[in-house]
Amino acid sequence: MSNKKYIVVLTGAGISAESGLKTFRDGDGLWNGYNVYEVATPGAWRKNPQMVLDFYNDRRRDVAAAKPNAAHIGLAELEKDFDVTIVTQNIDDLHERAGSSNIVHLHGEIFKMRSELDEELIYEIRGDIKLGDKATDGAQLRPYIVWFEEPVPMLEKAVALMDDCDYFVVVGTSLQVYPAASLLHYAPRFLPKYIIDKKIPDVAKSPTLTLIEKPATEGVEELRRLLQA
């Protein structure tokens, strides 16, 4: 067993925004021009699978062109002194490329695809998914993404982590996308918590809560100073 302190970090779109990946709720966000219900729900898939595939094929190209920023790298470097698990709402692979070794993707992964019928049939994908591309069960392949109105199967695993951690950190999320945002409520009341965002969400104040109102790259640098002081 490691003698290192254990940190659980919840990350959202704000951490990848500084790598050029637009955020969900910004006015110029990647969803701008798309009705979310036309590209990110099971109903959208049934109604117009080509539009959904085009949307996520574009997202895959965006992620492939992006690079990890100082916030991703800073969180990875925390592993020198702490045990760290990243729980991310993001579908990109920037945490992996930055060097983090323990990552839970709550909302799926853009470089994976799955059978539309069997969520356990999962494959790697770097190019485009096309209509007519089939899984081994004969079903159409779809993005390995948790859409709105679908359950979040990795949430239970993420919640269980809260019982064992020594610090809980939130980076770059509005804490408005549920159920991911509920992780803050599962954190024990006595647990030291840090929230990093360029605009701090509306949260109840607590003696164990430290607010760092900075972009993710600057905020993670400050977090490292605080944890290692």
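The values are calculated or read from the model by the stated rules, or taken from the named source; none is laboratory data. Just so we're clear, the structure is a prediction, and the values are computed from it rather than from any experiment. Cβ coordinates were reconstructed from backbone atoms using ideal geometry, including for glycine residues, and neighbour counts include every protein chain displayed. With ligands, DNA and RNA removed, areas are computed over all heavy atoms of the protein, side chains included. Shrake-Rupley method; radii C 1.70, N 1.55, O 1.52, S 1.80 Å.
Among the conditions (1) on the phi < 0 side of the Ramachandran plot; (2) part of a loop (DSSP other than H, G, I, E, B); (3) at pLDDT below 95; (4) open to solvent by 60 Å² or more (accessible area, probe 1.4 Å), the only one that GLY33 does not satisfy is (1). Would you confirm whether or not region 21-29 contains a residue that is at negative phi and modelled with pLDDT of 90 or more? Among the residues of region 21-29, at least one is at negative phi and modelled with pLDDT of 90 or more, which makes the answer yes. Can you find a residue that is modelled with pLDDT of 95 or more, more than 21 Å from ASP197 (Cβ to Cβ), open to solvent by less than 60 Å² (accessible area, probe 1.4 Å) and not charged (D, E, K, R) anywhere in region 58-80? Looking for residues that are modelled with pLDDT of 95 or more, more than 21 Å from ASP197 (Cβ to Cβ), open to solvent by less than 60 Å² (accessible area, probe 1.4 Å) and not charged (D, E, K, R), one finds at least one in region 58-80, hence yes. Restricting the search to strands (runs of 3 or more DSSP E) fully inside region 138-229 and requiring at least 3 residues that are at pLDDT 95 or above and farther than 23 Å from PHE82 by Cβ gives 141-145. Starting from region 43-69, keep only residues that are without any contact (Cβ under 8 Å) to a residue 12 or more places away in the chain, then list their pairs with residues that are in a helix (DSSP H, G or I) whose Cβ atoms are within a distance under 9 Å, requiring at least 6 positions of separation or different chains. Correct list of pairs: LYS47/GLU38; ASN48/GLU38; ASN48/VAL39; ASP54/VAL39.
From the list GLU116, GLU120, which residue is surrounded by 16 or more Cβ atoms within 10 Å (Cβ to Cβ) and more than 30 Å from ASP202 (Cβ to Cβ)?
GLU116
Under 9 Å by Cβ, and 6 or more places apart or on different chains, what pairs join a residue from region 79-93 that is of a type in the set (Ser, Thr, Tyr) with one that is assigned to a loop (DSSP other than H, G, I, E, B) and open to solvent by 20 Å² or more (accessible area, probe 1.4 Å)? Close Cβ pairs (under 9 Å, with a partner that is assigned to a loop (DSSP other than H, G, I, E, B) and open to solvent by 20 Å² or more (accessible area, probe 1.4 Å)) amount to THR85/ASN102; THR88/HIS107. Listed by first and then second residue, the pairs linking a residue in region 205-229 that is farther than 16 Å from HIS72 by Cα to a residue that is buried (at least 18 other Cβ atoms within 10 Å of the Cβ) and among the basic types (Lys, Arg), with Cβ atoms under 8 Å apart and 6 or more places separating them unless they lie on different chains, are SER206/LYS193; THR208/LYS193; LEU209/LYS193; THR210/LYS193. When region 83-122 is filtered for residues that are within 15 Å of TYR56 (Cα to Cα) and assigned to a strand (DSSP E or B), the ones remaining, listed by number, are GLY108, GLU109, ILE110, PHE111, LYS112, MET113, ARG114. Scan ARG189, ARG142 and give me the residue that is open to solvent by less than 60 Å² (accessible area, probe 1.4 Å), basic (Lys, Arg), touching a residue at least 12 places away in the same chain (Cβ under 8 Å) and farther than 19 Å from THR11 by Cα. Exactly one of ARG189, ARG142 is open to solvent by less than 60 Å² (accessible area, probe 1.4 Å), basic (Lys, Arg), touching a residue at least 12 places away in the same chain (Cβ under 8 Å) and farther than 19 Å from THR11 by Cα, namely ARG142.
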